Structure formats: C-alpha cells, structure tokens
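Notes for the one structure printed next.
The values are calculated or read from the model by the stated rules, or taken from the named source; none is laboratory data. The structure presented is a predicted model; accordingly, all values stated were derived computationally and were not measured. FYI the Cβ positions are ideal-geometry reconstructions off the backbone, even for glycines, and counts take in every protein chain you see. Each accessible area value is taken on the protein alone, full model and side chains, heavy atoms only, with ligands, DNA and RNA left out. Shrake-Rupley method; radii C 1.70, N 1.55, O 1.52, S 1.80 Å.
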Amino acid sequence: DGKGMEAKVIFENISEHKVDAQVISFEKNTSESPIHLTLYTSILKHESFDLVVQKATELGVYEIVPVIVARTVKHAVRLERLRQIAKEAAEQSGRGIVPQIFEPINLGEAFTRAAAHDANFFFEIGAPVMHKTKTSFKTVGLFVGPEGGWDEREVDRARKMAGCKIVGLGPLILRAETAVIVASYLVLS
C-alpha cells in the first residue's frame, strides 16, 4: 500500500481488462531500514534529479527534500513526475513505503527542518571520509550539494549553525547524483 503494509492474494480471474483476487492476509513489510533518512539535496538538471529520486528510493531513503542553494542552476521540480518515479522505484525494490517528496526549500529552511534529526551529515569535497558504520541514530539528515559543490558560506553555516558533521566521500570528485547514491548507502547499510 506504499505505507508499510502488503497483501498476499490469490488471483481468481484474469482477463484483458480486469483482475479479480482474494486477499489472504495483510503483513507489515520488513524490508525497510530502521533508520529514517531524509535526503536534502540540491536540485539537479532534469534527468539527474530523476536518477537521484529513483536510486535514493531504491536504497531506502524515507524523504527527499529538494534544496535551492547558491550554485543551484534549476529552481523547480516536476513533483508529480518525481513522485511517480519514487512509486515505481519503491515497487521495484520491494519497499513497504513510497518516500515523500517535498516542494523545494532554501538551505536555511532545510537546516531548520533537519534540527529535529538525531544526526545530520553534510557532504563536502575534501572533508574527512565517512566510512560505513553501524549507527544507533533513528533519524538522520543527509545533505548533498550541487555540481560544483557547496558555496563556502554554506559549509561554514552547516558547521556553525546547523550542527552538521562535515564528512567526505574520498579523494575523487563525484557527480552530485553519484554522491547521493554513495552517501545514502553509507548511512543506510
């Protein structure tokens, strides 16, 4: 149902225009991560942001928040299209929920929203590498910037005002969509 439950059914009649099924049982989907990960990511060009939504959904992200930052080129998203991509990716990967995708917000609003998380990770080129580790955090915010990286003031603001842990992904400079995939995996696995 996209909200954590799934049904077992027996198909009784299948025709060209109709499928009849009998519901045998409802169960809670057990494939969801115990970590409620909210992804705060800069809006990328159309196809790249579609990929971010698809892969973040497949990895287990609970919420995706498009963020407008200093180096954001595109300031709008097609929410209905992104929600459909998330729904299809959730179905394909056996998820019990479909991630919520929010309207774009600015970085200040994202930091305010992220204050409610147990931990926040802000990915920056050249920062100490975040390694895959087991975590006891129940809610995590993950910030990934645009192509070209964060503006200096944004990194400083994350460090001082938002209480984010500034972390990196290694010596290579990754495309933003690749960074989202790797960072999400590190937090969720």
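Values as computed for the structure displayed
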{"read-out": "Pairwise label distance in nanometres, L172 with R159, each label 7 Å out on the Cα-Cβ vector", "value": "2.7"}
{"read-out": "Surface accessible to a 1.4 Å probe, per residue, for the residues of the chain, Å²", "value": "56"}
{"read-out": "Rounded to the nearest 20 debye, dipole of the stretch 37-79 from Cβ charges on Lys, Arg, Asp, Glu", "value": "200"}
{"read-out": "Contact order normalised by residue count of the chain, Cα under 8 Å, 6+ apart, percent", "value": "25"}
{"read-out": "Bins of 5 Å, starting at 0 and running to the largest distance - Cα pair percent for the stretch 1-112", "value": "2, 12, 19, 18, 15, 12, 9, 6, 4, 3, 1, 0"}
{"read-out": "Zone residues, the stretch 158-178, relative to D151, backbone N less than 13 Å from point 7 Å out along Cα-to-Cβ", "value": "158"}
{"read-out": "In nm, spacing of pseudo-spin labels at R83 and H131 (7 Å Cα→C-beta vector)", "value": "4.2"}
{"read-out": "Rounded tilt (10° steps) of 79-93 against the dominant C-alpha axis of the chain", "value": "70"}
{"read-out": "Rounded tilt (10° steps) of 176-188 against the dominant C-alpha axis of the chain", "value": "70"}
{"read-out": "Over the chain - Rg/Rh using Cα atoms and the Kirkwood inverse-distance radius", "value": "1.04"}
{"read-out": "Measure of compaction for the stretch 128-189 (Cα Rg per 2.2 N^0.38 Å)", "value": "1.13"}
{"read-out": "Radius 13 Å from Cβ of V180, net charge of other residues (Lys, Arg +1; Asp, Glu -1)", "value": "-2"}
{"read-out": "By average C-beta atoms within 10 angstrom, highest first, the peptides 97-108, 44-55, 165-176", "value": "44-55, 97-108, 165-176"}
